[in-house]
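Asker: First the structure, then my questions, so here it is.
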Amino acid sequence: MAADVTLALGFCRMRLICLLNQCQHFPGFVYQKARLCPHSPSIEIDVRPRRGSKPVCSGCHQRGTAYDLLSLRRFEFIPIWGFAVLLLYHMRRVDCRTCGVRVEEVPWAIGKHQLTKTYMVFLAHWARKLSWTETASSFRTSWDKVCQAVEYVVEWGLEHRSLGPIRAIGVDEINMPRATSISRSSTRSSKIAHACYGSARIAPLPASSSSSTSSANRYPKASSSSARTCGSPTCGSSTNAAPTR
């Protein structure tokens with residue numbers, strides 16, 4: 001009975017590691033073993049560097065000599081079957097010729113984030129469909145981690161966006177100052193015309209008049225009293241002729 005249980009556990013462990021190698025294979029690193037944590041509903045997977053592989057400096061992104069090992073770190077991966085998946089790895093420090101002693105750069109995480117890149121993309125994808133609170137409760141994580149995932153995806157998109165096909169900016173943004181000046185000039189002209197011809201009644205145009213009628217024929221001359229009280233330099237010389245009706 002004990003041999004059968006051991007064989008079954010070994011088969012499950014092998015299958016899970018095979019799945020990880022198929023979907024998330026990182027050159028220079030090996031999934032050593034996977035186990036079910038008895039204290040919490042989570043699956044812990046040990047990761048170790050491949051023999052002979054050199055760590056990558058997080059400053060200049062160049063390979064260097066391993067200096068020492070740091071404490072164990074846990075990285076959250078995409079949960080499976082309701083179990084949280086954790087990658088356990090001892091970070092190495094690099095003796096870099098350019099940057100000095102720096103912590104190595106790992107391909108599945110960035111900086112001091114506890115979430116893997118794949119898990120952050122996964123959470124950001126669901127955050128587009130659900131609210132951040134619902135996403136956090138559905139995958140048993142916190143709201144802050146969902147926010148970090150969205151920020152990571154947005155920053156990555158801004159860094160890798162391509163502005164090559166854009167050849168011109170919107171017409172409204174370019175013509176906005178011009179449209180504002182035209183609007184102000186038209187408003188000023190209407191105020192001057194109202195001041196000049198406010199006391200005079202404008203005769204309606206005949207129905208047979210064409211659209212090419214000049215502006216001089218549309219506005220009759222103002223009365224002498226309105227011309228004297230106007231005081232605007234745009235007004236013509238005063239005249240005693242009454243406007244025609």
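Each value in this text was obtained by applying a stated rule to the coordinates, not by laboratory testing. All figures in this text were calculated on a predicted structure; none of them were measured in a lab. Cβ: placed from backbone, ideal geometry, glycine included. Neighbour counts: every protein chain shown.
Asker: Against the globular-protein guess of 2.2 N^0.38 Å, express the Cα radius of gyration of the stretch 1-143 as a ratio, rounded to two decimals.
Answerer: Details: Rg = 17.3 Å, N = 143, 2.2 N^0.38 = 14.5 Å.
Computed over Cα atoms of the stretch 1-143, the ratio equals 1.19.
Asker: Rule-of-thumb check for the stretch 115-159: C-alpha Rg over 2.2 N^0.38 Å? Before the final figure, lay out each step's value.
Answerer: Values: Rg = 9.5 Å, N = 45, 2.2 N^0.38 = 9.3 Å.
The value comes to 1.02.
Asker: Could you give the length gained by full extension between His125 and Arg73, i.e. 0.36 nm per residue of separation minus their alpha carbon distance, to one decimal place? Don't skip to the answer; put the middle values down first.
Answerer: Working: separation 52, 0.36 × 52 = 18.72 nm, distance 2.55 nm.
Working it through step by step, the gained length comes to 16.2 nm.
Asker: Counting Lys and Arg as +1 and Asp and Glu as -1, what is the net charge of the other residues whose Cβ lies under 11 Å from the Cβ of Cys57? All intermediate terms of the calculation are to be shown ahead of the outcome.
Answerer: Working: positive: Lys54, Arg63, Arg92, Arg93, Arg97, Arg102; negative: Asp95, Glu104, Glu105.
Value of the local net charge: +3.
Asker: Continuing with this model, one more query. Just order 75-82, 101-108 by mean Cβ neighbour count inside 10 Å, highest at the front, would you? Could the numbers behind the result be given before it?
Answerer: Numbers: 75-82: 15.2, 101-108: 17.6.
Order by mean packing, descending: 101-108, 75-82.
Asker: Let me ask something else about it. Using a basic spin-label model with each label point 7 Å from the Cα along Cα→Cβ, how many nm lie between His160 and Val101?
Answerer: So the two model labels end up 3.5 nm from each other.
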